Each structure stands twice: as structure tokens, then as C-alpha cells.
């Protein structure tokens, strides 16, 4: 079976590109901002791009960066897999609020696959597919990419995770009472909720190892289907995804050096993730959530945090938790940026409907 190597990456977060984002995480900085004019009579802390480029342009630029850095002349032999939660919803909203009517909304530019269509029009991929499983969308795309490469179906697969801030998303999470008015504090006793954000993550997976390759070594999924918005409180769904990833990678829990937690800052998510981690891994496993820096990028989170994990492995640096006090659980949270020899790291993504994905990344063994 072929191995899936991540050979090129690009992200656009509220902090900037991969270098700026990783530096912000190491230095416990955040680019999330509080807004009082979005939701009536309520302040919300969210992550919005602060650049003069459109989301469309940022998306195309990210893909172009990967192409230029790669060993490919074009994407004619490459499969495109896109993971998104909202698709083109922001485009539809723009038309609706401008015209106060839905009549001129183009359904083809609204659906999740609109992102893949936009990229295909510019780059001309061999074929395209889209995933929409809420906050595990691009994580599921990565798992599928690994499986397709392993059986030799494709040599090159581009995975894109992309979600844009839109009013429907903001008001939706606000109505659920889980949208924070401050920077989120994952796993802490008095956590108040999440920070929705926009972001883009792009990864080129290939069946041939290059000089700085990181291997997607394991991927596990589960669906507990406990509730449309809340995870199974017994954490069986999260545990199953983690154990399935470990099995796929042929690794034991004590071989994982670091966990990039889903860590949204909501009561329900953090509780089940902490339970799953504490029941599977050794007590000294390093863990932290990067969402206080860049927010929760929904369907793009899996791809963006996969990019972060590749940097963790390449640089041998553990990412610290921004705030460290009053933790609800006794996990080994990273206090400060730390240099460490790392071999395997895990990234968790958990979504509405009980959809769970765990991914394991590793430094390829010398052959």
C-alpha cells in the first residue's frame, strides 16, 4: 500500500500565513476581535480576515502558492477534495442583504461544491469532490485522500478546507448560546463558549516522499449520532475515532507525542474530549488547543490544524495553551512553547451530529 505524504501546505488564518500563524501560536497571541455591532445587544468575539483581498482571492492565492512550491506543472492529474461547512453561503447573503430579495441568488454559487467549482475553473483539476460534515469536513477530506493514495487511485490529491464568516453562522451559534464575547478558554472551569472564525487550509498529498515531507499516517472516524448539536457525554464517539486512528497507524497511545485538541471552549465538547484523552492516553501526553489564536474555522479547521501539525513536527515545537488557570481536568497542557523531539502528533476534530475524526501525522522513517 502507498503512503500519503504531505509535501506542500498553505493557510490563510486571521493571523496571516503559516509562518505568522505559527509564530502567533508559539507566542500566545490572538487575532480574534470583539464586535458589538453584529448581533443586537450582544458582544461577540470572532475571527475575521483583516486584509484588502476578497475571500475568493485569498482562496485562489493559497492554492497557487502550493502549486508554485510543488513539483507539479499544473493540477491536470490532481484530485481536488474540498471540505467546507458553509460553502458559498456568504455570497448568497451579500446578494440578499443588498437587494432585500433572494431572487437573484444563484444556487450553484451557494452550495458547498461552489468552492470546488471556483477552483476548478481557474486551475483545471482532474476531478473534484466536496465534503460537508460540519466541523469535520476537511478532516474527512484528508482521511479520504489518505485512503485513495494508499490504494493507488491517485498520485496527487489537493485537500482544501475553506469557510468564510457569514451572518447565518454567527447568529446560529449565538442562538445556541455558545458564542463567546471573549477569547475562548478551552478546558477551563468557567469557559463561556467558542469563537467562530474564517480560514483557509490547503495541503498537497502525494504518494512520493520529498525532503520535508510529513506523513499522514493514521485516520479514524466515528459517528455517535447522539444529538444534532451535542456529543455523546460518555465520549464513546470521540474515543472510537481516536482508537480507530491509532489502529490505522499501527501505533499505541504512548507513542503519540502531542495532541492538537479540538478544544473549542464549549462545555459539551471540552468535557467529552478531555474524557476521551484521559481514558486513552498516558497522563503526561502533551495537549493544547490552537483555537484561542485563530478561532474555530468550522469546516476548514481540520485542514488548517493539519497544516499546524506539520509545522509542529518540522520545527519540533510544542504549541502552548494561551491561558493556563483553573482547568476543569488534569491533562498535561503545554504551558509555554517548548522544543522537543517529536515523531507523531494527533489532531482531533469533532462536529455536530456526532461526526468525529482523528488524524495522526508523523515524521517519515528513513528508507
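Cβ-to-Cβ counts within 10 Å put 128, 264 in ascending order as 128, 264, the fewest first. Note on the stretch 208-308: the C-alpha convex hull projects to 7.4 nm² when averaged across all orientations. Modelled spin labels at residue 171 and residue 280, positioned 7 Å past Cα toward Cβ, are 3.8 nm from each other. Within the chain, DSSP assigns beta bridges of which about 65% are antiparallel (rounded to the nearest 5). Determine the shape class of the stretch 247-367: with a ≥ b ≥ c the square roots of the Cα gyration tensor eigenvalues, call it rounded for a/c under 1.5, and otherwise prolate if a/b is greater than b/c, oblate otherwise. Taking the square roots of the gyration eigenvalues as a ≥ b ≥ c, the stretch 247-367 is rounded.
What number in nm² do you get for the stretch 1-108 if you take the convex hull of its Cα atoms and divide its surface by four?
Answer in nm², one decimal: 11.0.
Going by the alpha-carbon gyration tensor, a ≥ b ≥ c the square roots of its eigenvalues, is the stretch 61-213 rounded (a/c under 1.5) or, if a/c is not under 1.5, prolate (a/b greater than b/c) versus oblate? Taking the square roots of the gyration eigenvalues as a ≥ b ≥ c, the stretch 61-213 is oblate. Normalised Debye scattering of the stretch 117-188 at q = 0.12, 0.19 Å⁻¹ gives log10 I(q)/I(0) of -0.52, -0.92, counting only Cα atoms as equal scatterers and leaving out solvent. Between residue 339 and residue 64, the distance separating the two model label sites (each 7 Å from Cα on the Cα→Cβ line) works out to 3.7 nm. Each listed q (0.07, 0.09, 0.10, 0.11 Å⁻¹) maps to a log10 I(q)/I(0) for the chain, found by the Debye formula over equal Cα scatterers with no solvent: -0.26, -0.44, -0.55, -0.68.
Taking other C-beta atoms within 10 angstrom as a stand-in for reagent exposure, 133, 144 fall in the order 144, 133, fewest first.
Where only DSSP H runs of four or more residues are counted, the chain gives -9500 deg cm²/dmol as its mean residue ellipticity at 222 nm, each run worth -39500 (n - 2.57).
Return 129, 191 ranked ascending by Cβ neighbour count within 10 Å, so the fewest neighbours appear first.
Details: 129 16, 191 25.
Neighbour counts put them in this order, fewest first: 129, 191.
Put a dot 7 Å past the Cα of residue 57, heading toward its Cβ, do the same for residue 34, and the two dots end up 3.2 nm apart.
Every number here is computed from the coordinates shown, using simple stated rules; none is lab data. Quick caveat, the model's predicted, so the values are computed rather than measured. Neighbour counts are summed over all protein chains in view; Cβ atoms, including those assigned to glycine, are modelled from backbone coordinates with ideal geometry.
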